[in-house]
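S.K.: Below you'll find the structure I mean.
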Amino acid sequence: MKTIHIGALECSNDLPLTLIAGPCQLESLDHALMIAEAMAKACADAGAGYVFKASYDKANRTSLSGKRGLGLDEGLRVMDEVRAEIGCPTLTDVHSPEHCAAVAQAVDVMQIPAFLCRQTDLLIAAGETGAVINIKKGQFLAPWDMPNVISKVESTGNENIMLTERGASFGYNALVADFRSLPTMAKTGYPVIMDATHSVQQPGGQGGSSGGQREFAPVMARAAVSLGIAGVFIETHEDPDNAPSDGPNMIPLDQMPALVKSLMQFDALAKADPCRV
């Protein structure tokens, strides 16, 4: 199994669990610091690694009227300050090859959105920065097709790669998580992450925005961690019902400490007796 270094953090399918968690989109510096501080403490108390995540631009909102975030310049300034003040690695997604170089200066991990996981120019531009690249598997893609995606980043000489499962399209406005995809992608040797909140999303399910079933997000997280994976991706907010995006599938911030503690117990059991296929 490959070990990826994210700042001072080591991430691997064989090492203790890493939590990638934060709000869907950046709202302000104070808000980002509040969530990052709370999550960093919860993870430290439970013995989990922690990476703060948030998006400076939600470029794939369902509706034109959907809020997109702080934008590139202000968003990267906030991400840089969170990393400096909280002392944790940070992650944000990129949608354009032209943004990659600037983003790599402000965050530790660049995330390739699921819809864009086959965009060759974006993957190569991201890989060329040398940053850690977290690739979300497309809702339309089989897990055994991910080596083709990996090879595009590897062609730049960058092997700092993580792979994230976020569910597969299942008819209209629905996703389903096939847990066979986690050990299948783990065969590549790269760290595998489970996106527990986007996997319960209902794309476009509310007409002008996506719906979701947040009550099932902890279920997805526990099931995935029990297989022995590198990490879990969770979007969280202190008031999900009034969050600017993805509120229906986000876990309330005050529920996160107990969930992280529970996940670490499942992780310890899984890592003591790894599941291999």
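The values are calculated or read from the model by the stated rules, or taken from the named source; none is laboratory data. As the structure is a prediction and not an experimental result, all values here were calculated from the model. As a convention, Cβ positions derive from the backbone with ideal geometry for all residues, glycine included, and neighbour counts pool all protein chains shown. Surface areas here come from the heavy atoms of the whole protein model, side chains and all, with no ligands, DNA or RNA. Shrake-Rupley method; radii C 1.70, N 1.55, O 1.52, S 1.80 Å.
S.K.: Scan the range 127-135 and tell me whether some residue there is hydrophobic (A, V, I, L, M, F, W, C), at pLDDT below 95 and not in a strand (DSSP E or B).
M.R.: no
S.K.: Select from the range 17-28 the residues that are among the aliphatic types (A, V, I, L, M) and in contact with a Lys or Arg (Cβ under 8 Å, 6 or more places away or on another chain) and write down the one among them that is farthest from Thr236 (Cα to Cα).
M.R.: Among those residues, the one meeting the criterion is Ile20.
S.K.: Kindly list the number of the only condition in (1) within 18 Å of the chain's Cα centre (by Cα); (2) more than 21 Å from Ala168 (Cβ to Cβ) that fails for Ala102.
M.R.: (1)
S.K.: Then there is this: Restricting to the range 171-197, what's the tally of residues that are out of contact with any Gly (no Cβ under 7 Å at 6 or more places or on another chain), touching a residue at least 60 places away in the same chain (Cβ under 8 Å) and open to solvent by less than 60 Å² (accessible area, probe 1.4 Å)?
M.R.: Here the count works out to 6.
S.K.: Condition test on Thr62, is it open to solvent by 10 Å² or more (accessible area, probe 1.4 Å), among the polar types (S, T, N, Q), at pLDDT below 95 and over 14 Å from the mean Cα position of the chain (by Cα)?
M.R.: Yes; evaluated as a whole, the condition is true for this residue.
S.K.: Something else: Which residue pairs have Cβ atoms closer than 7 Å, lie 6 or more positions apart in sequence or on different chains, and pair a first residue in the range 134-146 that is crowded, with 18+ Cβ neighbours inside 10 Å with a second residue that is small (Gly, Ala, Ser) and part of a loop (DSSP other than H, G, I, E, B)?
M.R.: Going by the 7 Å Cβ cut-off, the qualifying pairs are Gln139/Gly167.
S.K.: Is the range 152-160 home to any residue that is free of Cβ contacts under 8 Å to residues at least 40 places away in the same chain, touching a Cys at 6+ places or on another chain (Cβ under 8 Å) and either within 23 Å of Asn249 (Cβ to Cβ) or of a type in the set (Ser, Thr, Tyr) (or both)?
M.R.: no
S.K.: Among the listed residues Met220, Met264, Met250, which satisfies the condition of being open to solvent by less than 20 Å² (accessible area, probe 1.4 Å) and not hydroxyl-bearing (Ser, Thr, Tyr)?
M.R.: That would be Met250, the only listed residue that is open to solvent by less than 20 Å² (accessible area, probe 1.4 Å) and not hydroxyl-bearing (Ser, Thr, Tyr).
S.K.: Okay, moving on. Working only within the range 136-163, note down all residues that are among the β-branched types (Val, Ile, Thr) and in a helix (DSSP H, G or I).
M.R.: Passing the criteria: Val149, Ile150, Val153.
S.K.: Here's another thing I want to ask about it. Looking only at the range 15-37, how many residues end up being in contact (Cβ under 8 Å) with a residue 60 or more places away in the chain, under 21 Å from Pro248 (Cβ atoms) and over 15 Å from the mean Cα position of the chain (by Cα)?
M.R.: 2
S.K.: While we're looking at this one, here's another question. Answer yes or no: is there a residue in the range 238-247 that is open to solvent by 10 Å² or more (accessible area, probe 1.4 Å), under 29 Å from Asp30 (Cα atoms), out of contact with any strand residue (DSSP E or B) (no Cβ under 8 Å at 6 or more places or on another chain) and part of a helix (DSSP H, G or I).
M.R.: The answer is yes, given that some residue of the range 238-247 is open to solvent by 10 Å² or more (accessible area, probe 1.4 Å), under 29 Å from Asp30 (Cα atoms), out of contact with any strand residue (DSSP E or B) (no Cβ under 8 Å at 6 or more places or on another chain) and part of a helix (DSSP H, G or I).
S.K.: On to the next question. I need the full set of residues from the range 115-124 which are part of a helix (DSSP H, G or I) and surrounded by 22 or more Cβ atoms within 10 Å (Cβ to Cβ), in order please.
M.R.: Leu122, Leu123 - these are the residues of the range 115-124 that are part of a helix (DSSP H, G or I) and surrounded by 22 or more Cβ atoms within 10 Å (Cβ to Cβ).
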